[in-house]
4 protein chains.
Amino acid sequence: MAMLQDSLRLTLEGARVALEGAERRAREMGVPMDIAIVDDGGHLLAFARQDGAKLGSVAIAINKAHSAAIRRQPTGPVMEAGAPNLVLSLGLAIGSRAAQTPIRGGLPLVFAEQVVGAIGVSSGTEEQDTAVALAGAEAFGAACRAEPAEQRGFEAIEEDE
Amino acid sequence: MAMLQDSLRLTLEGARVALEGAERRAREMGVPMDIAIVDDGGHLLAFARQDGAKLGSVAIAINKAHSAAIRRQPTGPVMEAGAPNLVLSLGLAIGSRAAQTPIRGGLPLVFAEQVVGAIGVSSGTEEQDTAVALAGAEAFGAACRAEPAEQRGFEAIEEDE
Amino acid sequence: MAMLQDSLRLTLEGARVALEGAERRAREMGVPMDIAIVDDGGHLLAFARQDGAKLGSVAIAINKAHSAAIRRQPTGPVMEAGAPNLVLSLGLAIGSRAAQTPIRGGLPLVFAEQVVGAIGVSSGTEEQDTAVALAGAEAFGAACRAEPAEQRGFEAIEEDE
Amino acid sequence: MAMLQDSLRLTLEGARVALEGAERRAREMGVPMDIAIVDDGGHLLAFARQDGAKLGSVAIAINKAHSAAIRRQPTGPVMEAGAPNLVLSLGLAIGSRAAQTPIRGGLPLVFAEQVVGAIGVSSGTEEQDTAVALAGAEAFGAACRAEPAEQRGFEAIEEDE
């Protein structure tokens, strides 16, 4: 037990690596997307609406990212015995006042088994949204693994300033 | 008939007995939980988010407790012939502006057949949430029964002051 | 620059140290209070409504804590040249959809120059609320300084389980 | 009269030019900012929260941009005889359900006398927010003027098809 625990905080630079990975995948697919990156408290860090992406998906992309962050799991319906539980899925969406969405396309950003943020994608089908979110999460994970750990330390930050 | 009736009011101390009973059960299960205790008007008295419990379940735990208190019954879907009635369950959630949730995990706190408050638990499955809420309600009931009645009396209060 | 930065996360145990420090001060003052503790993302960790505290202050205490956390500063009116700027103070409250309150009684919880959470207190005057919040923040700071740093490490956490 | 008029639409690339201009100015000032760019309908196109900027300013930056876009003018209090009119300033904020903010830091993005979008900045003082928004708007204007018109033209589009 302890009053404080060591933790990792997602930076704007880290958020942009995830954002760019997702944008690239959306361009390859030819489906313009709304893409949001939030920190582990669900607060927006970076956002891009690609030309042609739906206006109505801006809030949904942010909501998916927020939802995946504060629930520490991908967005989507609650499944029971292989089928979506409608009461639970929609009940959670209503009960959380839309802080949880039962629509797929939100994924946690994970490093060293810690959820440090999330990506939310909207404007295509659920499959397209999820594929683009996955590309963002994978680009983020690959870049994190390539980054020397000492770059994250408080000393390193102090030296920079 | 009478203009006023004797009643029992849940205290912070009583709320904490329920909270601790629920926390203990969650630790035994290894599932960190968001746990809320409200009074008989549905107003928050005590809350704890155990380390690792979902951020997105904070509002849901409070909502479950609130819902169980103001409806004087456990939360959950409206059942008809053994199956949840979707329109009724979700319609009540929407129509009450989320003051009633169709998700299980909210239970009234009862003493001497009077609902004096409620407990709401969220972050696990509905079964886990309900088991933890039940442990809180049982710890509360056991402690109430063990308490000499004169400690609650109006005379006792006057003597104290 | 880095994708992730080292950070500190407030635990339930740490939140309760702040809560108890505030409760103690409120009892000494004879003014029952609503007291909320949130993490650095503004999410509720612990809450207590002392017997006799106002029901209408539950949401305000939580709002003050949330506001102090997400703005990294005490709550209160925006001051200019020694006087409150009304347009700015109320404009921020409205524009943030009440995520910032211009009422005093919310204070950040700080360790090693990092805001790790916040405390919000309501039910008395602004001066009383602030005094109780300060007692909570001071109790938290004192306990943090007394805690060996190695208790916070990831290894220590793993060893506990 | 005509049923349709030629118009200019802000792209993600254009939004990012404004965003980068604002980010650069904030770094020079040493004040991390929340920066939002919206199109002429007030819909979010691009957003960045610089490391250390307030979480509580995310919604305010977006609100300022939205407000400047849909009102085609800088955000700020309604002035009368050199002083802010409180009732009007706050009344508009409330009456518009926070779609108009009386806080400065939102500016239209203009080209060829057409408002094509807006920038909103928050996390510093009103003066700092406005200076950073201005840098973004100026970077946008300079890049627009430097861009050959035929890149935007309807002729160019028609030639492509």
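Find out how many positive minus negative residues lie around A:Pro102, taking Lys and Arg as positive, Asp and Glu as negative, among other residues whose Cβ is under 12 Å from that of A:Pro102. Each step should come with its number before you reach the end.
Details: positive: A:Lys64, A:Arg71, A:Arg104; negative: A:Glu126.
Here the charged neighbours net out to +2.
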Cross-link candidates for A:Lys64: which lysines have Cα within less than 22 Å, leaving aside residues fewer than 8 places away along the same chain? A:Lys54, B:Lys54, D:Lys54
When the dipole is taken about the Cα centre of region C:27-143, and only Lys, Arg (+1) and Asp, Glu (-1) are charged at their Cβ, what size is it in debye, to the nearest 20? 300
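Determine the total buried accessible area between chain B and chain C, counting protein heavy atoms only with a 1.4 Å probe; round to the nearest 100 Å².
Numbers: alone 9560 and 9620 Å², together 17710 Å².
For chain B against chain C, roughly 1500 Å² becomes buried.
Could you compute the net charge surrounding C:Arg24? Neighbours are other residues with a C-beta less than 13 Å from the C-beta of C:Arg24; K and R count +1, D and E count -1.
Details: positive: C:Arg16, C:Arg25, C:Arg27; negative: C:Glu20, C:Glu23, C:Glu28, C:Glu138.
Local net charge: -1.
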Quick check on chain A: helices-only [θ] at 222 nm, where DSSP H runs of length 4 and up contribute -39,500 (n - 2.57) each and the sum goes over total residues. Nearest 500, please. -14000 deg cm²/dmol
Output ³J(HN,Hα) for region B:72-81: one whole-Hz value per residue in order, computed from phi by the Karplus curve 6.51 cos²θ - 1.76 cosθ + 1.60 with θ = phi - 60°, and x for Gly and Pro. 6, 7, x, 6, x, x, 6, 9, 9, 6
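Output the relative contact order of region C:65-119, whole-number percent, from Cα pairs under 8 angstrom with separation of 6+ residues. Could you put the intermediate results ahead of the total?
Numbers: 89 pairs, mean separation 24.1, N = 55.
The normalised contact order for region C:65-119 reaches 44 percent.
For chain C, what does the relative contact order come out to in percent, with C-alpha contacts under 8 Å and a separation of six or more?
On the way: 328 pairs, mean separation 42.4, N = 161.
This gives 26 percent for chain C.
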Spin-label point model (7 Å from Cα, Cβ direction): what's the D:Arg27 to C:Val110 distance in nm? 2.8
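Just to confirm, what accessible area per residue do you get for region A:27-125 at 1.4 Å probe, in whole Å²? Walk me through the numbers on the way to the answer.
On the way: 3560 Å² over 99 residues.
Value for region A:27-125: 36 Å² per residue.
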Closest beta-carbon to the B-to-C rotation axis: which chain B residue owns it, and what is the separation in whole Å? B:Phe47, 2
Quick one: Cα centre-to-centre distance for region C:66-123 and region B:60-134, in angstrom? 34
Region B:40-103: trypsin sites (Lys or Arg not before Pro) falling in loop per DSSP and having at most 16 other Cβ within 10 Å: B:Arg72, B:Arg97
How far is B:Thr125 from itself in the other copies, in nm, if each label sits 7 Å out from Cα along the Cα-Cβ line, shortest first? 3.1, 5.5, 5.8
Run the 1.4 Å probe and let me know the accessible area of B:Glu23, rounded to the nearest 10 Å². 10
Region B:71-126: Rg/Rh from Cα coordinates, Kirkwood Rh? 1.01
The alpha-carbon pair-distance distribution computed for chain A, with 5 angstrom bins and whole-percent values, is 2, 10, 18, 21, 18, 13, 10, 5, 3, 1, 0
Carbon and sulfur together cover what percent of the accessible area of chain A at a 1.4 Å probe radius? 55
With every protein chain left in place and a probe of 1.4 Å, what is the accessible surface of B:Val121, to the nearest 10 Å²? 0
at A:Leu55 the sorted inter-copy label distances (label 7 Å from Cα on Cβ side), in nanometres, are 3.0, 3.1, 4.3
In square nanometres, what is one fourth of the surface area of the convex hull spanned by the alpha carbons of the protein assembly as shown? 35.8
Please report the relative contact order for region C:39-133, taking Cα pairs under 8 Å with a sequence separation of at least 6, and give it as a percent rounded to a whole number. 33
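Let me make sure I get this right: for region C:36-82, a, b and c are the square roots of the gyration tensor eigenvalues over alpha carbons, sorted descending. Under 1.5 in a/c it's rounded, otherwise prolate if a/b > b/c, else oblate. Which is it? Could the numbers behind the result be given before it?
Values: a/c = 3.44, a/b = 1.44, b/c = 2.38.
Here region C:36-82 falls in the oblate category.
Across the residues of C:33-43, average count of Cβ atoms on other protein chains within 10 Å? Before the final figure, lay out the partial values.
On the way: counts 0, 3, 0, 2, 3, 3, 4, 7, 10, 6, 10.
The mean count of partner-chain Cβ atoms within 10 Å per residue comes to 4.
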Other residues with Cβ under 12 Å from the Cβ of A:Leu88 give, with Lys and Arg +1 and Asp and Glu -1, a net charge of -3
Every other copy gets compared here: list the nm distances from the C:Ala112 label point (7 Å along Cα to Cβ) to its counterparts, shortest first, one decimal. 1.2, 5.3, 5.6
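The values are calculated or read from the model by the stated rules, or taken from the named source; none is laboratory data. These figures come from a predicted structure and were not determined experimentally. FYI the Cβ positions are ideal-geometry reconstructions off the backbone, even for glycines, and counts take in every protein chain you see. Heads up: the accessible areas ignore ligands, DNA and RNA and are worked out on the full protein's heavy atoms, side chains in. Shrake-Rupley method; radii C 1.70, N 1.55, O 1.52, S 1.80 Å.
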